[in-house]
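Asks: I'd like to ask some things about the structure below.
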Amino acid sequence: MPITTFSLGEITLHGLIEDEGPYSDIRKLFPALTPAQLDAARPTLGEALDAADQAVFRYQAYLVRLPGMNVLVDSCIGNDKERPGRPSWHRRHDHRFLGGLAELGLSVQDIDVVMCTHLHADHVGWNTRLENGRWVPTFPHARYLFSARELAHWEAENARTPVAALVDSVLPVVAAGRAELIGSDLELTESLRLLPTPGHTPDHFSVRIGRGRDLAVLTGDALHSPLQLAHPELSPWFDWDPARAAHTRRALLERYCETETLFCTTHFPGCSCGHIRRAEAGFRCDPPKGP
């Protein structure tokens, strides 16, 4: 899949796609979805809904190239991970993700910062890779930024029942001394700031890009499907706090509605970046004006 690139003044933004495909029946994904809502939305969903009514997800990370700094936001699924519940994630072994970096003239040595919007498996996978039977940080010179509250939540969950993604993709980074625990309102630089967007997970954050004003926002998993533009109240079954996630989602859409901020989603297939506009009681995402 081609790398999507946007020029934002002194900043360049690249979308690195690892995979794209059906996730689940959209009615199971969104338990509160009504037949009438689905029928009305069909013409607008495009590539996000297949002929079998499966919601289609893209899995991508964003590389933010700032003067003197390369920042990776989220790290997709990863290779060699034990994910038996998701066959397309289980024991993957392909080179699309690292190959995308290579297309940009970069290697794992060139990433300065990795920040994870939250700690779900499809956002932390390439944090580590398997070397001689051990999980080691993929990006050896990077600072890995994790929300302190988010990490504490998953450590508590892991103490009750093992959380595979934490064990193989987060804790080895901590053990290697590469992790920095942060607040979800961090200002990393004048051009890169975090925005707390909790609900999907306890301390999920989005990422604001631009000096002085938000030229782009990377939403993480505040949204999963274009269906949620028309119906921000619809939360997927796996949201940690569905009501809070719905409130956060609408607030995020309101914040960027009718602005020129590039709204960059993680899981929308096809056109995953655009400009938020009002559409009746909800919103729509218009394609970007140019590359």
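Asks: Which number in (1) surrounded by 19 or more Cβ atoms within 10 Å (Cβ to Cβ); (2) part of a strand (DSSP E or B); (3) not acidic (Asp, Glu) marks the one condition that Ala41 misses?
Replies: Unmet condition: (2).
Asks: Now a separate question. Considering only residues that are assigned to a loop (DSSP other than H, G, I, E, B) and surrounded by 14 or more Cβ atoms within 10 Å (Cβ to Cβ), look in the range 2-31 and name the one that is modelled with the highest pLDDT.
Replies: Among those residues, the one meeting the criterion is Phe30.
Asks: Would you confirm, using the coordinates I've provided, whether Gly46 is touching a residue at least 12 places away in the same chain (Cβ under 8 Å), surrounded by fewer than 19 Cβ atoms within 10 Å (Cβ to Cβ), small (Gly, Ala, Ser) and assigned to a helix (DSSP H, G or I)?
Replies: When the stated conditions are applied, Gly46 passes them.
Asks: Hey, could you check the range 226-247 for residues that are in contact with a strand residue (DSSP E or B) (Cβ under 7 Å, 6 or more places away or on another chain) and part of a helix (DSSP H, G or I) and say which is surrounded by the most Cβ atoms within 10 Å (Cβ to Cβ)?
Replies: Ranking the qualifying residues of the range 226-247, first place goes to Leu229.
Asks: Since Trp89 meets every condition but one in (1) within 20 Å of Leu218 (Cβ to Cβ); (2) free of Cβ contacts under 8 Å to residues at least 40 places away in the same chain; (3) within 17 Å of the chain's Cα centre (by Cα), which condition does it not meet?
Replies: (1)
Asks: Something else: Cβ-Cβ below 7 Å, separation at least six or inter-chain, first residue in the range 103-117 and of a type in the set (D, E, K, R), second at pLDDT below 95: which pairs?
Replies: Going by the 7 Å Cβ cut-off, the qualifying pairs are Glu103/Ile3.
Asks: Tell me yes or no: at least one residue of the range 175-189 is surrounded by fewer than 17 Cβ atoms within 10 Å (Cβ to Cβ), touching a residue at least 24 places away in the same chain (Cβ under 8 Å), of a type outside the set (A, V, I, L, M, F, W, C) and not in a strand (DSSP E or B).
Replies: Yes; the residues of the range 175-189 include at least one that is surrounded by fewer than 17 Cβ atoms within 10 Å (Cβ to Cβ), touching a residue at least 24 places away in the same chain (Cβ under 8 Å), of a type outside the set (A, V, I, L, M, F, W, C) and not in a strand (DSSP E or B).
Asks: Which number in (1) out of contact with any Pro (no Cβ under 7 Å at 6 or more places or on another chain); (2) assigned to a loop (DSSP other than H, G, I, E, B); (3) crowded, with 17+ Cβ neighbours inside 10 Å marks the one condition that Arg211 misses?
Replies: (3)
Asks: Can you pull out the residues in the range 135-169 that are among the charged types (D, E, K, R) and crowded, with 21+ Cβ neighbours inside 10 Å?
Replies: Taking the range 135-169 as the starting set, the residues that turn out to be among the charged types (D, E, K, R) are 143, 149-150, 155, 157, 160, 168.
Selection gives Glu150, Asp168.
Asks: Sticking with this structure for a sec: Could you look through the range 65-104, keep only residues that are in a loop (DSSP other than H, G, I, E, B) and among the hydrophobic types (A, V, I, L, M, F, W, C), and pick out the one that is surrounded by the fewest Cβ atoms within 10 Å (Cβ to Cβ)?
Replies: Pass one, the range 65-104, residues in a loop (DSSP other than H, G, I, E, B): 67-68, 74-95, 104.
Of the ones still in play, those that are also among the hydrophobic types (A, V, I, L, M, F, W, C) are 76-77, 89, 104.
Values: Cys76: 25, Ile77: 25, Trp89: 21, Leu104: 16.
By that ranking, first place goes to Leu104.
Asks: Looking at Arg250, Arg284, which one is outside any strand (DSSP E or B) and over 16 Å from the mean Cα position of the chain (by Cα)? Please lay out each step first, then the result.
Replies: Values: Arg284 fails: outside any strand (DSSP E or B).
Selected residue: Arg250, the only one of Arg250, Arg284 that is outside any strand (DSSP E or B) and over 16 Å from the mean Cα position of the chain (by Cα).
Asks: Exactly one of these conditions fails for Thr201: (1) among the β-branched types (Val, Ile, Thr); (2) touching a strand residue (DSSP E or B) at 6+ places or on another chain (Cβ under 8 Å); (3) over 30 Å from Gly9 (Cβ atoms). Give me its number.
Replies: Among (1) among the β-branched types (Val, Ile, Thr); (2) touching a strand residue (DSSP E or B) at 6+ places or on another chain (Cβ under 8 Å); (3) over 30 Å from Gly9 (Cβ atoms), Thr201 violates only (2).
The values are calculated or read from the model by the stated rules, or taken from the named source; none is laboratory data. In this text, all values refer to a predicted model and were calculated from it rather than measured experimentally. Every residue, glycine among them, receives a Cβ derived from its backbone with ideal geometry; neighbour counts consider all protein chains shown.
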